[in-house]
Amino acid sequence: MGENIGKIVENKQIILKGYIEGAPKETDMELKLGKKMKVEAPKGSGAFLVKNLYLSCDPYMRARMRDFHGSYLPPFLPGSVVEGFGVSKVVDSDNPNFKPGDIVSGFTGWEEYSLIYKPEQLRKVQPDTIPLSYYIGLLGMPGFTAYVGFYEVCAPKKNDYVFVSAASGAVGQLVGQLAKLHGCYVVGSAGSSQKVDLLKNKLGFDEAFNYKEEPDLDAALKRYFPQGIDIYFENVGGAMLDAVLLNMRVHGRIAVSGMVSQHSTSDPQGIRNLFNLITKRVRMQGFLQSDFLHLYPKFLEDVGSLYKQGKITYLEDMNEGLESGPSAFAGLFSGKNIGKQVVCVAHE
């Protein structure tokens, strides 16, 4: 196994210093040495010890850094370890269902080793030709968000006109490719010319534009969608949503997955053009991937198979080392990442 069961380690951890107000900054978190611990699962605990390999940086985590208790996830405790989705390897176990050497994905701590008491949140990963880190991206929560948001919430039809914001991000890049495979016309927006280039040349979008270079978003959308938009997959909110509302077609659908433009503000922008929902009979629906977990096995099979056939590509932005976690996470909110942001804690 290579892991010295019973040896004493200082478990490096990423700690949230205190609750935050605006966009997360690297300095809101710090790397600490945890208390010395034995590499073992305590007998009689029913727990198992994992070595964390990959950690996922996701925008929803920012909500857990605020002193706000009205969300679907409780806030982190200041001074405690940040948590998120990860891919980990079991090194010692007091749980008969998890054996040393098993690879699991699900909630874990931002630390080198985590003791897991609640395995309901975890899935076993059967290693094959798909990179392990993809189980927190393409085949993890972001990929599943794209899958259920597109097929279940957007109710796509062939030849629909589809617009995706934050299109090179963890979720958007897959939505665009699924829409293309479904026979739709797809345009994405992103925040740099490099990302626009990737959308058009690597991810197969019909068109893409850099929203930072468009003084008038309504005019930009009219240029790319002279016929209007059937489906908008919403990842950003704010001014972009306002412009989209002016360009929706009759019976259009808007799936609201995220609003990253509003994460950094305690005073969110109002939306002015909602009246268009009435005249165009548009359905706008927020959703959480966790409402659709019964579809997860089908998703794994469908998207895993598309990836293996070379029909979809996935962009990943990998940072090396646990200590790179805070800057990788903060970078999500300024668009530093290209593709799904992952932190590699350890290579197997």
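Structure data summary
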read-out: Semi-axis lengths (Å, descending) of the ellipsoid that matches the C-alpha gyration tensor of region 1-102; value: 29, 15, 12
read-out: Hypothetical label at Met318: residues of region 168-196 whose amide nitrogen lies under 19 Å (7 Å Cα-Cβ projection); value: 169-171
read-out: Rounded Å value of the spacing that divides the Cα centres of region 60-117 and region 300-335; value: 18
read-out: Contact order relative to length of the chain, as percent, for alpha carbon pairs under 8 angstrom and 6 or more apart; value: 18
read-out: Pair His347, Thr27: separation of 7 Å Cα→Cβ label points (nm); value: 3.5
read-out: Selection from Trp110, Asn159, Ala63, by position along the positive dipole direction of region 49-181 (Cβ); value: Asn159
read-out: Calculated [θ] (222 nm, deg cm²/dmol) that DSSP helices of n ≥ 4 give over the chain, each run adding -39,500 (n - 2.57); value: -5500 deg cm²/dmol
read-out: Selection from Ala23, Ala47, Gly204, by position along the positive dipole direction of the chain (Cβ); value: Gly204
read-out: Overall Cα dimensions of region 248-348 - principal axes, largest extent first, Å; value: 55, 38, 24
read-out: Nonlocal amide H pairs with Lys311, under 5 Å, H built at 1.01 Å; value: none
read-out: Loop chymotrypsin sites (Phe, Trp or Tyr not before Pro), region 240-348 (other Cβ atoms within 10 Å of the site Cβ: 12 or fewer; DSSP); value: Phe275
read-out: For region 138-258, radius of gyration divided by Kirkwood radius, i.e. Rg to Rh on alpha-carbons; value: 0.92
read-out: Net charge, Tyr296 excluded, C-beta distance under 11 Å - Lys, Arg +1, Asp, Glu -1; value: 0
read-out: Ranked by how many other beta carbons lie within 10 Å on average, peptides 118-128, 102-112 from highest; value: 102-112, 118-128
read-out: Span from the region 151-203 Cα centroid across to the region 207-248 one, whole angstrom; value: 13
read-out: Net charge contributed by nearby residues that have their C-beta within less than 13 Å of Leu31 (K/R +1, D/E -1); value: -4
read-out: Unit charges on C-beta of K, R, D, E only; dipole of the chain, Debye; value: 520
read-out: Cross-link partners of Lys17 among lysines (Cα-Cα below 16 Å; sequence separation of 8 or more within a chain); value: Lys25, Lys32
read-out: Where trypsin sites (Lys or Arg not before Pro) fall in DSSP loop in region 144-237, at most 15 other Cβ within 10 Å; value: Lys157, Lys158, Lys202
read-out: Overall form of region 160-227 per C-alpha gyration tensor (a/c, 1.5; a/b vs b/c); value: oblate
read-out: Percentage relative contact order, region 231-348, counting C-alpha pairs under 8 Å, at least six apart; value: 21
read-out: Protection proxy ranking, peptides 159-168, 36-45, average beta carbon neighbours within 10 Å, highest first; value: 159-168, 36-45
read-out: For mean projected area of the Cα convex hull in nm², calculated from these coordinates, the label among (1) 16.0; (2) 19.0; (3) 17.5; value: (3)
read-out: Interchain or long-range residues, amide H under 5 Å from Phe287's placed H; value: Val256
read-out: Accessible surface of region 71-138, 1.4 Å probe, proportion on carbon and sulfur as whole %; value: 54
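The values are calculated or read from the model by the stated rules, or taken from the named source; none is laboratory data. Keep in mind the model is a prediction, meaning the values are calculated, not measured. A quick note on method: Cβ atoms are made from the backbone with ideal geometry, for glycine too, and the neighbour counts reach across all protein chains shown. Surface areas here come from the heavy atoms of the whole protein model, side chains and all, with no ligands, DNA or RNA. Shrake-Rupley method; radii C 1.70, N 1.55, O 1.52, S 1.80 Å.
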